[in-house]
1. Which value, to two decimals, describes the C-alpha radius of gyration of the range 67-197 once divided by 2.2 N^0.38 Å?
2. Need one word for the chain: rounded, prolate or oblate. Basis is the Cα gyration tensor (sqrt eigenvalues a ≥ b ≥ c); a/c below 1.5 gives rounded, then a/b vs b/c decides.
3. Considering only protein heavy atoms, what is the solvent-accessible area of Tyr381 at a probe of 1.4 Å, reported in Å² to the nearest 10?
4. Which ³J(HN,Hα) values in Hz, rounded to whole numbers, follow from the phi angles of the range 113-123 under the Karplus curve 6.51 cos²θ - 1.76 cosθ + 1.60, where θ = phi - 60° and Gly and Pro get x?
5. State whether the range 208-325 is rounded, prolate or oblate according to the following rule on the C-alpha gyration tensor (a ≥ b ≥ c being the square roots of its eigenvalues): a/c under 1.5 gives rounded; otherwise a/b larger than b/c gives prolate, and the remaining case gives oblate.
6. Report, as a whole number in µm² per second, the diffusion coefficient that Stokes-Einstein gives for the range 28-112 at 4 °C and 1.567 mPa s using the Kirkwood radius over alpha carbon pairs.
7. Carbon and sulfur together cover what percent of the accessible area of the chain at a 1.4 Å probe radius?
8. Output the antiparallel fraction of DSSP beta bridges having both residues in the chain, as a percent to the nearest 5.
Amino acid sequence: MSYAEFLELKTQLDGEHGFDPTILPDFLFPFQMELVGWSVSKGRAALFADCGLGKTPMQLVWAENVRKRTGKPVLILTPLAVSFQTEREAEKFGIEAATSRDGSLPAGITITNYERLEHFDPSKLGGVVCDESSCIKNFSGVRRSMVTDFMRKLPYRLLCTATAAPNDYTELGTSSEALGYLGHMDMLSRFFVNDQTGNSVGGRAYGGSPQWRFKGHASEPFWRWVSSWARAMRQPSDLGFSDDGFELPALEHRQHVVEARRPPDDKLFDVPALGLREEREEIRRTLTERCEKAAELITDADSAVAWCQLNDEGDLLTKLIDGAVQVSGSDHPDAKEEKLIAFSKGEIRVLVTKPIIGAWGLNWQHCNRMVFFPSHSYEQYYQAVRRSWRFGQ
């Protein structure tokens, strides 16, 4: 063995676990065929493709290839209400798929929500797809472990999301672990060093506290390793294909500043909020003013979403906006799904909810206006704003 061959064995670039695809339908765009072909050949892969690039038809074709290969059903896991959209897309493309809520397998491709995963037996399946896999890290530790353990029992696995690791590398570690490659902690020890000083020299800080940064030599090997099991793209031209039909209009973003009607209880006038505690106090003190402004902005909209952060904001917005329906965290999953589907069908004019509840994977092209309350989560904001093709304001 040469020294070059020895070094290649140390790269952690995993081999193929899949097979040559037997189905690549004409309804796929060229770049989609490329991604589906690669992910089927890989067997355990991640597609980090931006919103609007057709992850749903790609995962349906991937699942159909696995179903034919194994002779077993393939399970597609989705966020709440997205199962309805996935089933509708499958019907449009002539692929047999059906939704299940009780663990039954009514079709070769069965669709369900993450919240109902415990009803299913992995031994009866040939593969699994995690749609909007980025949302997994927002689950509790028990739910996240359940999804990862479920996937480990299946030979063919696919992760799909538009917002992989926007702020740190946590998601890449959990994605790798779910696919059966390097575990989360193995990834840390191989490519990162614990920097207690908080410096992020040599790469972006990992995870927050304590700080992790790339080892001096590890940046290029790390991304080579990620690219061995994942493909990422913002537009088709990232992979050398034409962007025709995928160029979106510029985002129109309007910021509205609301003045408080009264100063804080212990002050004569408003002063800038310093720190998280004061920020939270400011948010609660201006709750009525902000909700009134949001209601004013969407009262005349044909279809709108008000993305809030607090339960009190959602309750007040629902009272202020005629015909508004709120989806709250305390709702039963069936009730959440029913309301989100009703909005996607145009049966609800104004939806009030939090990004963490409704921002994942839903397509609301009919929605012509959105309002956002301040949030520190780039990912939730990005997911929410991309739900509507006209974007929010």
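The values are calculated or read from the model by the stated rules, or taken from the named source; none is laboratory data. If you're wondering where the values come from, they're calculated on a predicted model, not measured in any experiment. Cβ sites come from the backbone with ideal geometry, for glycine too, and all protein chains shown count toward neighbours. Accessible surface areas use protein heavy atoms only, side chains included; no ligands, DNA or RNA. Shrake-Rupley method; radii C 1.70, N 1.55, O 1.52, S 1.80 Å.
1. After normalising by residue count via 2.2 N^0.38 Å, the value is 1.13.
2. It comes out oblate by the Cα gyration axes.
3. 70
4. Result, rounded to whole Hz: 8, 4, 5, 10, 4, 5, 7, 9, 9, x, 5.
5. Because a/c hits 1.5 or more and a/b fails to exceed b/c, the range 208-325 counts as oblate.
6. Estimated via Stokes-Einstein, D reaches 99 µm²/s.
7. Heavy-atom surface of the chain belonging to carbon and sulfur, 1.4 Å probe: 50 percent.
8. 10
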